[in-house]
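The values are calculated or read from the model by the stated rules, or taken from the named source; none is laboratory data. What you are looking at is a predicted structure, and each value in this text was computed from that prediction instead of being measured. Using ideal geometry, Cβ is built from the backbone for each residue, glycine included, and neighbour counts are taken over all protein chains shown.
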Amino acid sequence: MKLDSSNSPIYLPEPSQESVLRLGFENCSSDSWIYAANDLSLFNRHKSELGHTATATCYAEIAGSENTQAEFHDFLLQHLLQNPDLGYRREGSKLIQQQEDLVWNIGEKKLWPASVWVAEDICLLEPRGDDFIMTAASVCSPSNWLLEDKIGQTVDFIHAPVPGYEEVLSRRVNRFLQGLPSGKVMLRYNWSIQRGNELCWRGEGLSATTPIDPSDGDLFWRVERQTFIRLPQSGAIVFGIRIFLHSFDSLRHREGFTESMERLLSQLPEAEKRYKDLA
């Protein structure tokens, strides 16, 4: 499924950024945990199609995660119904999104059926001693990673491919996850550049395009809106990932975009460029 986000970019290049090794957390109101937008039906079709044809690549769980999945199901349902701006209502055993006329059965209390109610991909990170383990995940729009490589693994293992993660970020990330209060929402953004606008992006590199040309209409600025919230009973962290895709063709007319992009790419270390498939 392809996406070309029509709304204004939620996040643009920061020309001062010299490394991907930063957290950049922001406070987020609880009402804004789930992003309200007008393209939910596209994400719903995307998830439904993958759920029928490629379930093993977009959904995974490990034994023992059933109670946390059920807690997330009820937590998300309550949030959607308590925030009228999101446009959901319940009629008996059905959940309805009114603006886009979407209807789901509220059935089994599992992560997968609950995850199709929203555009976000959802990963459940459960505490295990001093670590957090990805115990269940619904990921239909990965940004150059494979769910089968990450399920059942610690946060440190999941981020091992990030150059310098262990030395620079590991302790800070684990301290953040351990200290996040229940119900508080934190937000950060991650970015990539990809060729084409497929939501499910498994890493077709850009090394053939050197240097990256901001006037190349086939290139897209990919943004992940990442959210973090702790479930009150299990203490699990709900990691949400909402994707936006904007064509360079639409962005290069914005004042300063071309200059910011060129400066950003010139400042990133080579190891980080390779990690993001930019070199």
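Filtered by the rule that a residue be over 17 Å from VAL238 (Cβ atoms) and either modelled with pLDDT under 95 or surrounded by 20 or more Cβ atoms within 10 Å (Cβ to Cβ) (or both), the stretch 48-72 gives SER48, GLU49, LEU50, GLY51, HIS52, THR53, ALA54, THR55, ALA56, THR57, CYS58.
Listed by first and then second residue, the pairs with beta-carbon distance under 6 Å, at least 6 apart or on different chains, first residue in the stretch 210-239 and farther than 18 Å from TRP191 by Cα, second surrounded by fewer than 20 Cβ atoms within 10 Å (Cβ to Cβ) and basic (Lys, Arg), are SER215/ARG252. Considering only the stretch 26-43, I want to know if a residue exists there that is among the hydroxyl-bearing types (Ser, Thr, Tyr), more than 19 Å from the chain's Cα centre (by Cα) and within 22 Å of CYS123 (Cα to Cα). No, the conditions are met nowhere in the stretch 26-43. Residues in the stretch 81-138 that are β-branched (Val, Ile, Thr) and over 22 Å from the mean Cα position of the chain (by Cα): ILE96, VAL103, ILE106. Does the stretch 144-157 include one or more residues that are of a type in the set (A, V, I, L, M, F, W, C), under 14 Å from the mean Cα position of the chain (by Cα) and within 16 Å of ARG230 (Cβ to Cβ)? Within the stretch 144-157, not a single residue is of a type in the set (A, V, I, L, M, F, W, C), under 14 Å from the mean Cα position of the chain (by Cα) and within 16 Å of ARG230 (Cβ to Cβ).
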